[in-house]
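The values are calculated or read from the model by the stated rules, or taken from the named source; none is laboratory data. Here the structure is a predicted model, which means the values were calculated and not measured. So basically every Cβ, Gly included, is an ideal-geometry build from the backbone, and we count neighbours across all protein chains shown. The accessibility values were calculated without ligands, DNA or RNA, using every heavy atom of the protein model including side chains. Shrake-Rupley method; radii C 1.70, N 1.55, O 1.52, S 1.80 Å.
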Amino acid sequence: MSRTAKRSRKRTKRITKQTRKHTTKYVSCHPTPCSRRAKLLKPPCSRITRPRFKQGAFSRTKLPGATHCFTEHTYIGADTGRGEHALPPQDTSTLSMYSYGVVNRGTNPAIVQVQVSPNGVDYAVDSQEVIEGKQTKALVPQRFLHYTRLVLQPVDPAKPTRLDVYFQAQRMLVR
C-alpha cells in the first residue's frame, strides 16, 4: 500500500438521486498546522505520465489528442489598377502558423505590404515586397497582432497588374 493511501481515507458521496453518480475524494486524516481544513490528495494510483518522443532527423512532436486544422482563403484576380487595394483582414489571433502566397499573373511589378493591427482599424506596415511579373512569393508576417491583411499596389500607377493571393493557416487544436 502506498504512503498516500495509508494517510488518506476514501469518502464516497452521492450527488443526485436521479443520476446515481458517486464522487470519490481522498481526504487527509490529519489537518495541517496552518489550516484546519482537510487537503485534497491525489488517489494512490493516479500518477500522470506523459509520453516521451524520440528526437531524430524526421521526428515530429505530437501532443496526445492534438489535431491540426488547415484554413485557406483565396483572392483570385485581385487587380491593382485602382491604386492601393487592401484585402479583407484575417483574424490571426488563434492561428499557430500562417502565410500569404502571392502570384503575379501580369507582366508589370506590384508592391505588396503585409500590415498588422491590434483592433482591425489601425494598421502598421510589417513588411513590404516587390513582386515582379510572372513571379511567385511567399510572405510571412514578422510581427504578431490580432489582425493581418495585405495591401496591393502597382509600382507604376499607369501599369496595373493582376495578382492571385492565397492565405493559408494552420491551428493546432488540443482536446
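Descriptive notes on the structure:
- Within region 125-165, the residues that satisfy the criterion of being over 18 Å from S96 (Cβ atoms) and hydroxyl-bearing (S, T, Y) are S127, T136, T161.
- Within region 147-175, residues that are modelled with pLDDT under 90 sit with their Cβ atoms under 9 Å from residues that are aromatic (F, W, Y) and loosely packed, with under 15 Cβ neighbours inside 10 Å, at 6+ positions apart or across chains, in these pairs: R171/F70.
- Of residues in region 146-175 being of a type in the set (S, T, N, Q) and part of a strand (DSSP E or B), the one least open to solvent (accessible area, probe 1.4 Å): T148
- If only residues of region 59-97 that are in a loop (DSSP other than H, G, I, E, B) and among the hydrophobic types (A, V, I, L, M, F, W, C) are counted, the one that is modelled with the lowest pLDDT is L63.
- One residue from Y123, Y98, Y75 being in contact (Cβ under 8 Å) with a residue 12 or more places away in the chain, closer than 12 Å to D164 by Cβ, open to solvent by less than 70 Å² (accessible area, probe 1.4 Å) and in contact with a strand residue (DSSP E or B) (Cβ under 9 Å, 6 or more places away or on another chain): Y75
- Total residues in region 126-145 satisfying the condition of being open to solvent by less than 60 Å² (accessible area, probe 1.4 Å), in a strand (DSSP E or B) and in contact with a Gly (Cβ under 9 Å, 6 or more places away or on another chain): the figure is 2.
- You will find that of G81, G106, the residue that is in contact (Cβ under 8 Å) with a residue 60 or more places away in the chain and out of contact with any helix residue (DSSP H, G or I) (no Cβ under 8 Å at 6 or more places or on another chain) is G81 and no other.
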